[in-house]
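First the structure, in the form of structure tokens, and then the observations on it.
The values are calculated or read from the model by the stated rules, or taken from the named source; none is laboratory data. Remember, it's a predicted structure, so these values are computed and weren't measured experimentally. Counting neighbours? That spans all protein chains shown, and the Cβs are built from the backbone with ideal geometry, glycine included. All accessible areas refer to the heavy atoms of the entire protein, side chains included, with ligands and DNA or RNA removed. Shrake-Rupley method; radii C 1.70, N 1.55, O 1.52, S 1.80 Å.
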Amino acid sequence: MSNTKEKLFSEFQAPTKQEWLDKIGVDLKGADFQKRLVWKTPEGFSVQPFYQRDDVEKLSTPYSMPGEFPFVRGNKKNDNTWYIRQEIEADDAKAANAKALDILNKGIDSLSFTIPGDSVSAEFVEVLLKDIYCDCVELNFNTCKRHSVELAEILVAYFEKKGYDKEKIVGSIDWDPMDKILQGKPVDHIMDVMNTYAVPLVNTLKDYPNFRCITVNAVNLSNKGAYCMQELGYALAWGNEYMQQLTDAGVDATLAAKKIKFNMGISENYFMEIAKFRAGRMLWAEIVKQYNPQCDCACQMIVNAITTEYNMTIFDAHVNLLRSQTETMSAALAGVHSIVVTPFDAAYEKPDDFSERIARNQQLLLKEECHFNIVVDPSAGSYYIETLTESLAKEAWKEFLAVEEKGGFLEAIKSGAVQEDIDATNAKRHTLAAQRREFILGTNQFPNFNEKSEGKRPLNNTRLAADFENLRLATEGAAKQPVAFMLTIGSLVWRQARAQFSCNFLASAGYKVIDNLGFPTVEEGIEAAMKVNADIVVLCSSDEEYAEYAVPAFKALNNRAMFVVAGAPECMEDLKKEGIENFIHVKVNQLETLKEFNAKLGI
């Protein structure tokens, strides 16, 4: 068999890069290679349509080993197991405990309790953790920053009373006062909290090597629309700020590094997210190394990855399952510590038992059926992902250095520089979505024509789909649902293509769309439109035929409904002179156009 393989390989000569480019040039028939096939990423670098061995031989990442510095290939050597984590609101200790015990029997092995600050007490913790084997499950806690040290002391006392092995206690306390500044909280108050509580919190938990208590909540940047490069660059600067402050306060560098944890988002950019987590581990390891820790294990980046809320929608909400599933896949393949799948209905209501169950099962599917937990860093050696990892690392490092030049992350957020940068990206992405240059499946692309909101209302208006959702909700609130009628005529190929485009375009506003197979004359088409009480008539044909059909159709309609031409024909200016003013095509701003249509319809 080996001889056969050797003979087979020797008979085939691998094409060179130039040979590929020559072949592509022929297939493109003179079209610009850079414009047609090279992807200009929002992260600031270009992605080629193909990569070869030569592209990665000069990189360092393919030669790294799992579980070894700089941990680009993950923190583990033997498997890719991650914790399946679920969030629990612990307003009532007994109810939260009951829910925790229930979901521990349904595949969860990581619990995250949010406890009101005034509820923190030894009695509360006793009830909350009753019958939970704390050395068999990861435990995470979030409470008021001023009560975090108290909570840590209570937990340590509880663990010691139960006689747990300190090495087997895995978890965290989410203590991140700098996130409060990003949310607009007063700076002076937050700084008092940082100076008063950081060192005592770390020292309280110093004997628990796998329990972390200083958190970088970069997930909140992802939920506001940050690109991968921005989230990663700021997360590194954020973590470095805590390292600097802790070590300046006298905390040993090894201890400081082992107490920092990252909560990061996962966006829909599948391969880029895999690269983000790989690049993040590599860069964080290099940052921590500069503090001279006593061991390389202190350089490991521990990441809890959370599927983003930014791209979730209230219409066609089950598509959120597709989004979060691919997001979870990318984080799992990238080798993160734990994953939280945001339930599909989180954009419009408090998740219920059904949506939480589905969210759990999304991870269990990847673990128990797809066996993603077995292979360490399966993307290693991929020419594409290795190149993405290196490219993204370079751009994130530039972001990190830019923050350091501003005096560090704390100074950058106090000045508002980080907030302004993320807000600008959010605004840019909303504009791209309005122009259909960033697609939102089920919202501005292929909407569900017949869906109604059924009382759903957005909980977060910064989400990418929020502008379209508000538009559609306004349409639903109108006295009459507008009817858009496709007047298809002429060239079969063009009228079908333009009718399909127009139906998707107009259904995004909640209009009822009526497609047609075609009419022999524009007069018959107008007559059919009037029979169904159409509010909008869309002429769908070829550019050449619009010169023949558009004006007669417009005159036959005689202002009984809004008249729209699907396309941007060369005769557009001539048609405008005849009074035709509405055109829809790929270059118009879909959101603004639909707002204008709503205004004309009295909505």
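Rounded to two decimals, what is Rg over Rh for the stretch 344-434 when you use alpha-carbon atoms and the Kirkwood radius?
On the way: Rg = 19.7 Å, Rh = 17.7 Å.
For the stretch 344-434, the value is 1.11.
Name the lysines eligible as straight-distance cross-link partners of K40: C-alpha to C-alpha under 20 Å, and not fewer than 8 places from it in the same chain.
K276, K394, K398, K428, K587
In whole percent, how big is the carbon plus sulfur part of the accessible area of the stretch 505-552, probe 1.4 Å, protein atoms only?
Working: 1000 of 1970 Å².
Carbon and sulfur together cover 51 percent of it.
Below 10 angstrom from the Cβ of C136, what's the summed charge of the other residues (Lys, Arg +1; Asp, Glu -1)? Before the final figure, lay out each step's value.
Details: positive: K168; negative: D109, D135, E138.
It works out to a net charge of -2.
Tell me the net charge near M282. Cut-off is 10 Å between Cβ atoms, M282 excluded, with +1 for each Lys or Arg and -1 for each Asp or Glu. Mind dumping the intermediate values first?
Working: positive: R73, R278, R281; negative: E286, E390.
Once positives and negatives cancel, what remains is +1.
If you count only protein heavy atoms with a 1.4 Å probe, what accessible area per residue comes out for the stretch 322-362, rounded to a whole Å²? Please report the intermediate quantities before stating the final value.
Working: 1410 Å² over 41 residues.
Per-residue value: 34 Å².
Express the accessible area of the stretch 106-164 per residue in Å², computed with a 1.4 Å probe while the remaining protein chains stay in the model.
41 Å²
Based on the Cβ-Cβ distance from H189 to E368, what FRET efficiency comes out when R0 is 45 Å, to the nearest 0.05?
Values: r = 46 Å, r/R0 = 1.03.
Calculated transfer efficiency: 0.45.
Once neighbouring chains are kept in place and the probe is 1.4 Å, which whole percent of the accessible area of the stretch 167-274 is contributed by carbon and sulfur? Could you put the intermediate results ahead of the total?
Working: 1500 of 3190 Å².
Taking all protein chains in place, the stretch 167-274 shows 47 percent carbon and sulfur surface.
Taking a ≥ b ≥ c as the square roots of the Cα gyration tensor eigenvalues, with a/c under 1.5 meaning rounded and otherwise prolate when a/b beats b/c, else oblate, which class fits the stretch 551-592? Write down the numbers at each step before the final one.
Working: a/c = 2.45, a/b = 1.42, b/c = 1.73.
Cα axes put the stretch 551-592 in the oblate bin.
Give the dimensionless ratio obtained when the Cα radius of gyration of the stretch 16-127 is divided by 2.2 N^0.38 Å.
Output field value: 1.97.
Semi-axes of the equivalent ellipsoid for the stretch 5-70, please: Cα gyration tensor eigenvalues, times 5, square-rooted, ordered largest first, whole Å.
Working: eigenvalues 154, 115, 10 Å².
They are 28, 24, 7 Å, listed from largest to smallest.
Could you calculate the FRET efficiency of A547 with D515 from 1/(1 + (r/R0)^6), where r is the beta carbon distance between them and R0 is 25 Å, rounded to 0.05? Don't skip to the answer; put the middle values down first.
Values: r = 24 Å, r/R0 = 0.95.
With R0 = 25 Å, the Cβ-Cβ based efficiency is 0.60.
Keeping the other protein chains in place, figure out the carbon and sulfur percent of the accessible area of the stretch 356-417, with a 1.4 Å probe. Walk me through the numbers before you get to the answer.
On the way: 1480 of 2790 Å².
Of the solvent-accessible surface of the stretch 356-417, carbon and sulfur hold 53 percent.
Roughly how many Å² is the accessible area per residue of the stretch 528-603, as a whole number, for a 1.4 Å probe?
Details: 3770 Å² over 76 residues.
Counting only protein heavy atoms, the per-residue value for the stretch 528-603 is 50 Å².
Calculate how large, on average over all directions, the projected area of the Cα convex hull of the stretch 480-565 is; give the answer in nm² to one decimal. Don't skip to the end; give the middle numbers.
Working: hull surface 19.3 nm².
Across all orientations, the stretch 480-565 yields a mean hull projection of 4.8 nm².
Compute the distance in nm between two label points, each set 7 Å from the Cα along the Cα-to-Cβ direction, one at D423 and one at D574.
Distance between label points: 4.9 nm.
Collect residues whose amide H, placed 1.01 Å from N in the peptide plane, falls under 5 Å from the amide H of V216; neighbours closer than 5 in sequence don't count.
K261, F262, N263
Convert 4 °C to kelvin, take the viscosity as 1.567 mPa s, use the Kirkwood radius over C-alpha pairs of the stretch 123-247 as Rh, and evaluate the Stokes-Einstein diffusion coefficient in µm²/s, rounded to a whole number. Intermediate results must be reported in sequence, preceding the final value.
Details: Rh = 15.7 Å.
Translational D for this selection: 82 µm²/s.
What base-10 log of the normalised intensity I(q)/I(0) is obtained for the stretch 81-196 from the Debye formula, alpha carbons as equal point scatterers, at q = 0.10, 0.11, 0.16 Å⁻¹?
These q points yield log10 I(q)/I(0) values of -0.32, -0.38, -0.77.
5 Å is the cut-off here: which amide hydrogens, built 1.01 Å from N in the peptide plane, fall below it relative to M562, excluding neighbours closer than 5 in sequence?
I536, V537
State whether the stretch 350-401 is rounded, prolate or oblate according to the following rule on the C-alpha gyration tensor (a ≥ b ≥ c being the square roots of its eigenvalues): a/c under 1.5 gives rounded; otherwise a/b larger than b/c gives prolate, and the remaining case gives oblate. Can you show the working numbers first?
Working: a/c = 4.65, a/b = 1.67, b/c = 2.78.
It comes out oblate by the Cα gyration axes.
Only sites in a loop by DSSP and with at most 15 other Cβ atoms within 10 Å count here; which trypsin sites (Lys or Arg not before Pro) in the stretch 514-571 make the cut?
For trypsin sites (Lys or Arg not before Pro) across the stretch 514-571 that sit outside H, G, I, E and B with at most 15 neighbouring Cβ atoms in 10 Å, the list reads R560.
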